[in-house]
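These notes are about the structure you will find just below.
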Amino acid sequence: MLGRRPKVSLEEKWRRVLMGEARGHICWTPWMRRFNRALPSDPRCKLCDTPFGRPGSALRFLGFGPSRLNRRICSGCIHALEKRPGGAEIELSLLFADVRGSTALAEKLGNEEFMRLMARFYATAATVVDARNGIVDKFVGDEVVALFIPGFAGADHAADALASARELLEATGHLGDEPWIPVGAGVHVGRAYVGTVGEQEAFDFTALGDPVNTAARLASSAGQGEILVSTAAAESAELDTAGLEERALELRGRVEPIRAWVATV
């Protein structure tokens, strides 16, 4: 019939939201999204526009405050995603940052003091990532994983990921002679699946694919106070590489080495 719009697949809806071409097409009905957007209460959920600031923050008492980990997505959306799982393959930026020599550090400090140190590191990383509209994907042992999704962080997601890495190093004391915790980081850009993974109790909103593995290996190869920036991330972030050290990294599972630039604070 003439005039009828073609049906859009759920994957395409996800892609549009993740790329910033549409908002709120996953969790809420249109009238509820319009109501949420009408409340002058930034910041707000990146999926449904539920406000996190006053006066809209009152909605958190109904279960729609920031989720505990992905604080740019509300708890209501996390629950809704469990009922309507999905995702899409997009280009995004990834930031991995981990503690150098954490095993020796834990042995030196003891369990309780090391726990407090890691809690401080996690909180510092979450604050830095939040400020640039990234999403903390997970905390894994001594490592922080953050996603900079175009629909959430904007078109300059690679520059934001790199800036967050630098701000994290600065916040952990790497401008001085002795940081309060030794950290190395890796930043990469690539196409990966972003969306929901798993079912029931084993459920997560995350990113999967080769770029995720590459970013993790860049971080593990970075020395204390270093940010290894892949050539893809450097180009996307328009990083001025003049005077920066270039490294060719032999990464496990790859035939060709990964070339990266060494950035600092």
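Before we move on, is SER230 in the same structural domain as THR172 (by TED's automatic domain parsing), among the polar types (S, T, N, Q) and touching a helix residue (DSSP H, G or I) at 6+ places or on another chain (Cβ under 9 Å)? Criteria met by SER230. Of the residues GLY190, GLY173, GLY186, the single one that is touching a helix residue (DSSP H, G or I) at 6+ places or on another chain (Cβ under 6 Å), modelled with pLDDT of 95 or more and surrounded by fewer than 22 Cβ atoms within 10 Å (Cβ to Cβ) is GLY190. Answer with yes or no whether ALA159 is of a type in the set (Gly, Ala, Ser) and touching a helix residue (DSSP H, G or I) at 6+ places or on another chain (Cβ under 7 Å). When the stated conditions are applied, ALA159 passes them.
Does segment 243-263 contain any residue that is surrounded by 21 or more Cβ atoms within 10 Å (Cβ to Cβ) and touching a Lys or Arg at 6+ places or on another chain (Cβ under 8 Å)? Yes, segment 243-263 contains at least one residue that is surrounded by 21 or more Cβ atoms within 10 Å (Cβ to Cβ) and touching a Lys or Arg at 6+ places or on another chain (Cβ under 8 Å).
Name every residue in segment 150-160 that is among the aliphatic types (A, V, I, L, M) and at pLDDT 95 or above, in order of residue number. Spell out how you get there, then give the answer.
Step one: list which residues in segment 150-160 are among the aliphatic types (A, V, I, L, M), which gives 153, 155, 158-159.
Across segment 150-160, the qualifying residues are ALA158, ALA159.
If you go through segment 234-260 and keep only what is among the hydrophobic types (A, V, I, L, M, F, W, C), within 23 Å of ILE149 (Cβ to Cβ) and out of contact with any Phe, Trp or Tyr (no Cβ under 9 Å at 6 or more places or on another chain), you end up with ALA237, ILE258, ALA260. May I ask you to say which residue of ASP204, ASP177 is acidic (Asp, Glu) and under 19 Å from the mean Cα position of the chain (by Cα)? Of ASP204, ASP177, the one residue that is acidic (Asp, Glu) and under 19 Å from the mean Cα position of the chain (by Cα) is ASP204.
Limited to segment 218-265, what total is found for residues that are among the aliphatic types (A, V, I, L, M) and part of a loop (DSSP other than H, G, I, E, B)?
Step one: filter segment 218-265 for residues among the aliphatic types (A, V, I, L, M), giving 218-219, 222, 227-229, 232-234, 237, 239, 242, 244, 248-249, 251, 255, 258, 260, 262-263, 265.
Imposing the further condition that a residue be part of a loop (DSSP other than H, G, I, E, B) reduces the set to 222, 239, 242, 244, 251, 255, 265.
Going through segment 218-265 one residue at a time, the tally reaches 7.
The values are calculated or read from the model by the stated rules, or taken from the named source; none is laboratory data. Worth saying up front: this structure is predicted, and the values here are computed from it rather than measured. Counting neighbours? That spans all protein chains shown, and the Cβs are built from the backbone with ideal geometry, glycine included.
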